[in-house]
1. Go through (1) touching a strand residue (DSSP E or B) at 6+ places or on another chain (Cβ under 8 Å); (2) more than 15 Å from Leu25 (Cβ to Cβ) one by one and return the number of the condition Val131 breaks.
2. Which residue is farthest from Asp83 (Cα to Cα), if the candidates are limited to segment 120-143 and must be in a strand (DSSP E or B), at pLDDT 90 or above and of a type outside the set (Phe, Trp, Tyr)?
3. Within segment 90-110, can you find the residues that are farther than 13 Å from Ile77 by Cα and in a helix (DSSP H, G or I)?
4. Scanning for something open to solvent by 50 Å² or more (accessible area, probe 1.4 Å), under 20 Å from Lys19 (Cα atoms) and not β-branched (Val, Ile, Thr), does segment 83-95 turn up at least one residue?
5. Among the listed residues Thr65, Thr53, identify the single one that is of a type in the set (Val, Ile, Thr), within 21 Å of Tyr138 (Cβ to Cβ), in a strand (DSSP E or B) and free of Cβ contacts under 8 Å to residues at least 24 places away in the same chain.
6. Hey, any hits in segment 82-105 for a residue that's aliphatic (A, V, I, L, M), touching a residue at least 40 places away in the same chain (Cβ under 8 Å) and touching a Lys or Arg at 6+ places or on another chain (Cβ under 8 Å)?
7. Do any residues in segment 127-145 that are within 16 Å of Thr53 (Cβ to Cβ) have Cβ atoms under 7 Å from those of residues that are surrounded by 15 or more Cβ atoms within 10 Å (Cβ to Cβ) and of a type in the set (Asp, Glu), where the two are at least six apart or on different chains, and which pairs are they?
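The values are calculated or read from the model by the stated rules, or taken from the named source; none is laboratory data. Owing to the predicted nature of the structure, the values given are computational and were not obtained by experimental measurement. Glycine gets a Cβ as well: all are built from the backbone with ideal geometry, and neighbour counts include every protein chain shown. Surface accessibility is based on the protein's heavy atoms, side chains included, excluding ligands, DNA and RNA. Shrake-Rupley method; radii C 1.70, N 1.55, O 1.52, S 1.80 Å.
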Amino acid sequence: MKKTEKYDAAKPEWNLISKEEVSLLKMKLGKSHRKESDWEVIKEILGRRNVLTFIPPKRAKGLTTIEKVLCEDGNLIVFTNMDDCTRHIQVVQFKGRFWKYVEIGSIPFVNVLDIADQHGMNVLIDVNYEVNCKCLMYESGEQRLKAVIMTYLK
């Protein structure tokens, strides 16, 4: 049997974004207009931490990985916290894309940006399937971070 480690965001060796930092990111994202100082805070938090992603089963419909980062509908997908990551896994399972367990891992955010730039892909951060989901997106062509609203039909 494979040994698994209990998730603990506070473990320093995992270098994950703290609950306080996640709250700050969500507050900055929730603003209708972000100042340059807001973007600096967002970039600073993401730039020094690891983000979460998951590796779907080999036969998952429409899901792949690129260098161990989830790729869905042509975008790399990462999460700043376990709640958003597990919610995304549950929704994808509910949609019937796969039924098995997944491996959740962490990766430095700067490495995700390098992978995105190498493959010419965008990165969606904390995306979910809610109608008019507001999330962060790194656009590799412009090499910049921006807030976007993803519209999904129910």
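1. Val131 satisfies all of (1) touching a strand residue (DSSP E or B) at 6+ places or on another chain (Cβ under 8 Å); (2) more than 15 Å from Leu25 (Cβ to Cβ) except (1).
2. Filtering segment 120-143 down to residues in a strand (DSSP E or B) leaves 122-125, 133-139.
Of the ones still in play, those that are also at pLDDT 90 or above are 122-125, 135-139.
Narrowing the set further to residues that are of a type outside the set (Phe, Trp, Tyr) leaves 122-125, 135-137, 139.
Details: Asn122: 22, Val123: 19, Leu124: 16, Ile125: 13, Cys135: 15, Leu136: 16, Met137: 19, Glu139: 24 Å.
The residue in question is Glu139.
3. Gln90, Val91, Gln93, Phe94, Val110, listed by residue number.
4. Yes, segment 83-95 has at least one match.
5. Values: Thr53 fails: free of Cβ contacts under 8 Å to residues at least 24 places away in the same chain.
Every option except Thr65 fails the conditions.
6. no
7. Asn128/Asp84; Cys135/Asp126; Leu136/Asp126
Residue-by-condition table, conditions (1) surrounded by fewer than 17 Cβ atoms within 10 Å (Cβ to Cβ); (2) in a strand (DSSP E or B):
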position: Glu20; (1), (2): yes, no
position: Leu24; (1), (2): yes, no
position: Lys28; (1), (2): no, no
position: His33; (1), (2): yes, no
position: Ser37; (1), (2): yes, no
position: Glu40; (1), (2): yes, no
position: Ile45; (1), (2): no, no
position: Arg59; (1), (2): yes, no
position: Leu70; (1), (2): no, yes
